[in-house]
Structures are given as C-alpha cells and as structure tokens.
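Enquirer: After the structure tokens below, expect a handful of questions from me.
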Amino acid sequence: MVEAREYGAMRWVMLGVLCASLLLVAMDATILNVALPSLIDDLQVGALEQLWIIDIYGLVLGGLLITTGAVGDRIGRKLLFLSGFVLFGIASVIAATAGSAAQLIGGRVLLGIGGAMVMPSTLSLIRNIFTDVRERTMAIGIWAAVAGVGATVGPIIGGFLVEHFGWASAFWLNVPVVLVTVLVGLWVLPEYRAPQAGGLDWFAAVLSIAGVICLAWGVKHLAKGEASEVDWTILLVGIVAMAWFVRRQLTATDPLLDVRLFRNGAFTAAAVATLLAMMAIGASMFLISLWLQYVHGYSPSQAGIRMLPAALTLLTASLLTPFLMEKLGVRTVLGVGLGAVALGFALLAVSPEPTAYPVIALVLVSFGLGDGMAVTAAAAVLVGAVPADRAGQAGAVEETNYEVGVGFGVALLGSLHARMFSQHMTNLPVPPERLDQAAGSVGGAAEVADDLPEPARTELLHAAEHAFDAALTTTAALSAVVIAVVAVGTVLLVPRGFRVTGGH
C-alpha cells in the first residue's frame, strides 16, 4: 500500500471527495423531513406511507452495509465507491420524477443501495489514505462532522428547496454533485483491495441483509402497537438470521464481519454509542421538523433555519473531539457525548406546555454536542481496531449503526409519538368518516381542519397542537431514561485510559 506521505497534500483533496459524497448520502436520511407536508398534499400519502418514505432509506442502507463493506475489501474500495455514487445519482432522478408514493419509496430503496456502496468505502479509504494515527483521527473528525452536519442540515437545505422549487428539488440537488464527484474521484482516489481476501460468502451476505431488514420491520411494527402474526414471524426470522450469521462468521476463515471484534469492550461501546446517538438525532430531526411546521406554522425553510443550532454545534463538537480524546481519553468523551444526548431528551420532557422555541433550540444544541462527540470518538475507535486490509469491516459496523440508528430512531420514537398523539385526540369536532385521519397524525389533522368551518377548524387544530406537545413530552421522557441507562453501561465497557491506536 502507498504510504500517506507519498500522497502529499493530495490526501486532503481525496478526503474532500469522500466527504462530498458522504454529505449527500447523510443529507438524504433527513432531507425529506421538512418536505412531508408538501409530499402529503401532492402524493396523498397516509401516515404509514409517510414513515416508510422517511425511514426505508436508512433501513435498506443499514441492511446492506455489512455486505458492501466486505465487497469493497475484495473488489476494490474505489470501484465500489464510484459505482455506488453513480447508482445514487440514477436513483435521485427516479425519486425526483415520482408521481406516486410507490415510485418515491422505490427510488428511496435504490438510494439506500447506492448509499450502502458509498458509505463504508469512505471510512475504509480514510483508513488506507491516512496511516498516521493523529492525522487519521483528525480526518475522521472531519468525516464525522460532514456525516452529522449532513443529517442536520438536510432539513435546512430541504426546507429552502421545497419552499422555492418543490419537494422533487431535494433529489435533483444530488445529480450535479454526483457528476462532479465521480469525475474528480476517478482522477484522484487511490484503489485499494485486501491482498489476501477470499471469495464472498453470499449465503452469509443474504443472512445479514435479511436479518437487519427483518429485525427493523419487526421492531417498527411492534413500536406501532399493531404487530400481527406475520410481523412477529418476520421479527423471529430476523433474530434467527442474525444468530445464524454470527455463528457462520465465527467458523469462517475469511468472514464478512469478524464478530470476535465485539469481545473488545471499547469496540462494542463505540458501536452502541453510534447507534444511540443516531437514533436520537434521527428521531429529533423528524419530530421537531413536524412540530415547527404543524404546531407553529413555519414554512419549510423557516423550520429548517430553526434547526440550525444542531448543525452548528455538531460541526464544532466533531472537529474538537480529536483534541478532546487526546487530552481526556475515549471513555470521558463518549460519556459526555451520550450524556448530552440524554440531557437533550430530559430538557424536552420537563419543558412546560406549550413548548417554546428557545427550549427546542437548547435541545438541538444538546443533541448536536452529543452526536458530534459520540460519533467521532466511536468512528476513531472502530477504525483503529482493525488492520488496514479489513477497514471495510470497521466502516460497515460504523455505518450500519449510523444508518440503522437514524431509521430506528424515526421508526421507534416516531411510532411511539404517533401512538401517544392518537390517544390524546379524543372528542374531536369532525365527521365520523374522517375521525381516523384526524387522529392518525398531526398532518392528517391539519388536512381535515382545512375542510372544516369555524369554530370546528380552530378547535381541531388546538387539539392537535396539544396532543403533539403531550406526546412529545412522554416520548422524550422515556427516551431520556433509556439512553441514560444504556449510556452508563456503554461507558463502563471502555477501559480506563483507553486510547486510539493504529490498528493491528
């Protein structure tokens, strides 16, 4: 492998190319949050379709990452990266031209597949390009800042585009960036593949894909409280598939994922920290964007701007985290980061109703701080734990938890919030045939209210605002408790004095 010093200053250009692609992939996890009202009006999508449009991208992407990380180690990370980004551009066109919810969901599925090819390649190429531990940690800090900021500025950019050009523009934005990035990437990026990697275990790949997606499906429907026998069966299939996958990896000579890495407490803590942080940021971006638009009546761009505190804090925290890890150690940084996430939910839970925007701004700062610190530290730990020729595995673990975290955050907390919202929507002044629509979601209530005369219209809107706030308080309280408990256990897994090393 060419040493990092032989790349000279070009290695930072390479990092720029990788981060440009990562920004788009990360943005697409949240860019539609502020576009939901426009989508609802244009495509007439129901509450369940809304959730699928938002989180199918992350769930598909997360389900494929273990496989694509292994493929990149074998066929070449540059090849996988560029192929995935081309597919990402094609999928963007399909989504942008969608005339139905089905086509939009299909486009989001293809975006997830393309993103799954891109994301582990970015982190694994960083592992190969930057061999100096200090430089690599700095590069990972920049990488994490771009990934996190992408997720948080998605609603901001999406809001501006939706308001001025319609929701399809959120996808058209991807196309020119894909074209430029692919052309520059062909020129500057180095190719790297594992020199002694064997053939791909396709059966294990199928097990990992089926396991993650089936688990996500089962958890999603259990969270909604509407799980049928089919849903329970799918969940069981997911559990069995993942157990079978782990057993197969333990006996494989060249595993897709070396599950023995999870015997390392710091490695496991880093994986869990990423999952928790991204669940929080994914759910909060989804729920707060709805709160800003439906409860307070802001336009998409106005709502996006009011979510800026999360992006700015996350950017700052991610760039400072390499320095903080060097001075304070991984354990302290992870603990403070996850503690800030729990604090954000706690602040939201104890704020008086109706919740005021200054409280939301403070909550967003807490989430940005926690996400920036936790994800950056976790990525540095994961990448440093594996040899360079298996960097795709580290990228897969990091990105799986990143994307599944966003998807689970929306699915679990979004579904919990929707259930609580419906429970508060009682004695509504609406015709019986529209009662389910009004009580199903805040968007449905707003749509029904538009067709009602006064004072019924105002009464329904006030009921929806109160129900949304009350559901947000309950959801935040439960989240704060769960994250605080899991965070304590996660931090205890990291040995005292643990430092990031160069891998082995």
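The values are calculated or read from the model by the stated rules, or taken from the named source; none is laboratory data. On a predicted model such as this, the values are computed, not experimentally measured, just so you know. Methodologically, a virtual Cβ is constructed for each residue, glycine included, from the backbone with ideal geometry; neighbour enumeration extends over all protein chains shown. Remember, those area values only see protein heavy atoms, side chains included, never the ligands or the DNA or RNA. Shrake-Rupley method; radii C 1.70, N 1.55, O 1.52, S 1.80 Å.
Enquirer: Using the charge dipole of the chain (Lys, Arg: +1 at Cβ; Asp, Glu: -1 at Cβ; taken about the Cα centre), state which of 344, 379, 314 has its Cα farthest towards the positive end.
Expert: 379
Enquirer: With +1 assigned to the C-beta of every Lys and Arg and -1 to the C-beta of every Asp and Glu, and no other charges, what is the dipole magnitude of the chain about the Cα centre in debye, to the nearest 20? Display every interim value, and only then the final one.
Expert: Working: 25 positive and 34 negative charges, 393 e Å.
It comes to approximately 1880 debye.
Enquirer: Go through 286, 232, 246 and say which Cα lies farthest out towards the positive end of the charge dipole of segment 188-327; charges sit on Cβ, +1 for Lys and Arg, -1 for Asp and Glu.
Expert: 286
Enquirer: Still on this structure: Among 257, 167, 209, which residue has its Cα furthest toward the positive end of the charge dipole of the chain, with +1 on Lys/Arg Cβ and -1 on Asp/Glu Cβ?
Expert: Farthest towards the positive end: 257.
Enquirer: While we're on this one: Once you list every other residue whose beta carbon is under 14 Å from the beta carbon of residue 274, what net charge do they have if Lys and Arg are +1 and Asp and Glu are -1? Write down the numbers at each step before the final one.
Expert: Working: positive: none; negative: 371, 398, 399, 403.
Neighbour charge sum, excluding residue 274 itself: -4.
Enquirer: Ratio to report: Rg/Rh of the chain, with Cα atoms as the point set and Rh obtained by the Kirkwood method; give two decimals. Spell out each step's value before the answer.
Expert: Values: Rg = 21.9 Å, Rh = 22.7 Å.
When Rh is taken as the Kirkwood radius, the ratio is 0.97.
Enquirer: Give me the extension gain from residue 319 to residue 186: residue separation times 0.36 nm, minus the current Cα-Cα distance, reported in nm with one decimal. Can you show the working numbers first?
Expert: On the way: separation 133, 0.36 × 133 = 47.88 nm, distance 2.79 nm.
Taking 0.36 nm per residue and subtracting the Cα distance, the gain is 45.1 nm.
Enquirer: How much accessible surface area, in Å² rounded to 10, belongs to the heavy atoms of residue 400 with a 1.4 Å probe?
Expert: Looks like 20 Å² after rounding.
Enquirer: How much mean residue ellipticity at 222 nm does the chain get from its helices, if each DSSP H run of length 4 or more adds -39500 (n - 2.57) and you divide by all residues, to the nearest 500 deg cm²/dmol?
Expert: Details: 21 runs with 389 residues, N = 504.
After summing the helix terms and dividing by the residues of the chain, the value is -26500 deg cm²/dmol.
Enquirer: Could I have the simple spin-label model distance between residue 12 and residue 458, label points 7 Å from Cα toward Cβ, reported in nm to one decimal?
Expert: Distance between label points: 6.0 nm.
Enquirer: Less than 15 Å Cβ to Cβ from residue 320, Lys/Arg counted +1 and Asp/Glu -1: what total charge do the surrounding residues give?
Expert: Charge balance near residue 320 sits at 0.
Enquirer: Is there a quick way to get the dipole size of segment 41-153? I mean about its Cα centre, with the Cβ of Lys and Arg at +1 and of Asp and Glu at -1; what is the value in debye to the nearest 20?
Expert: On the way: 7 positive and 7 negative charges, 114 e Å.
Roughly 540 debye, rounded to the nearest 20.
Enquirer: OK, next. Could you report segment 120-197's accessible area per residue, 1.4 Å probe, as an integer in Å²? Don't skip to the answer; put the middle values down first.
Expert: On the way: 2950 Å² over 78 residues.
Per residue, segment 120-197 has an accessible area of 38 Å².
Enquirer: Also, quick follow-up: I need the calculated FRET efficiency for the pair residue 236 and residue 263, taking r as the beta carbon distance and R₀ as 30 Å, to the nearest 0.05. Before the final figure, lay out the partial values.
Expert: Values: r = 27 Å, r/R0 = 0.89.
For R0 = 30 Å, the calculated efficiency reads 0.65.
Enquirer: Continuing with this model, one more query. Determine the share of the chain's accessible area contributed by carbon and sulfur atoms, expressed in whole percent, with a 1.4 angstrom probe. Walk me through the numbers before you get to the answer.
Expert: Working: 12520 of 18460 Å².
With neighbouring chains kept in place, the figure for the chain is 68 percent.
Enquirer: If you place +1 on the Cβ of every Lys and Arg and -1 on the Cβ of every Asp and Glu, how big does the dipole about the Cα centre of segment 355-504 come out, in debye to the nearest 20? Walk me through the intermediate numbers first.
Expert: Values: 6 positive and 14 negative charges, 175 e Å.
It comes to approximately 840 debye.
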